[in-house]
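Okay, structure first, notes after.
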């Protein structure tokens, strides 16, 4: 799925912030847990005011988060991009069920944990001939913000992607008491510091704690370091 706003873009600056153009809406996206602490849904906060073009902190040290205040220049931030540049499907492992398939690129995991409830999606895919299991499987996979997981219709060979608005979310994770990555939604192009164009995807998460080993993408490091953006 690609953005209808062809002029929107996020550029990874060299050892600096994410440069956002195209007046992309910005808001907090909070993980809502069920009674057992499992990730169940998303709650969107009010829009955050911003200029048509803005810079988002990537080093994790700004005092004006989510926006950059130049702290990366003082703290020696190493923002070298180490993520694979292969397309998603060339990296993915696939599991086939009777109705659906599941593809998984584990190193994109942003630790949002929507995959875990109801017996985990890797087990659910084998049981998707049951309508209730099928509905839970599709819902949980599509709530994975990073796009690590994608559900597929085996009859058509097409991905099952819920439409998302072109927007950027600032993930908050109350269960882990930390702030998570930037959630790019709706097919926002991401351009590397050297000009490489990453594959455009419906769901992508970018590191904003500065600690990911898979930059510019999130690898869940924010939970280990208890990153907070307040």
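The values are calculated or read from the model by the stated rules, or taken from the named source; none is laboratory data. Because the structure is a prediction, the values reported are computed rather than measured. As a convention, Cβ positions derive from the backbone with ideal geometry for all residues, glycine included, and neighbour counts pool all protein chains shown.
What to note about this one:
- Strands (runs of 3 or more DSSP E) contained in region 82-174 and holding at least 2 residues at positive phi and in contact (Cβ under 8 Å) with a residue 60 or more places away in the chain: none
- Qualifying residue in region 37-46 (condition: part of a loop (DSSP other than H, G, I, E, B) and without any contact (Cβ under 8 Å) to a residue 60 or more places away in the chain): no
- The set of residues in region 47-81 being within 23 Å of residue 219 (Cβ to Cβ), loosely packed, with under 11 Cβ neighbours inside 10 Å and in contact (Cβ under 8 Å) with a residue 12 or more places away in the chain consists of 78, 80.
- Scanning region 1-45 for residues that are at pLDDT below 95 and in contact with a strand residue (DSSP E or B) (Cβ under 9 Å, 6 or more places away or on another chain) yields a count of 2.
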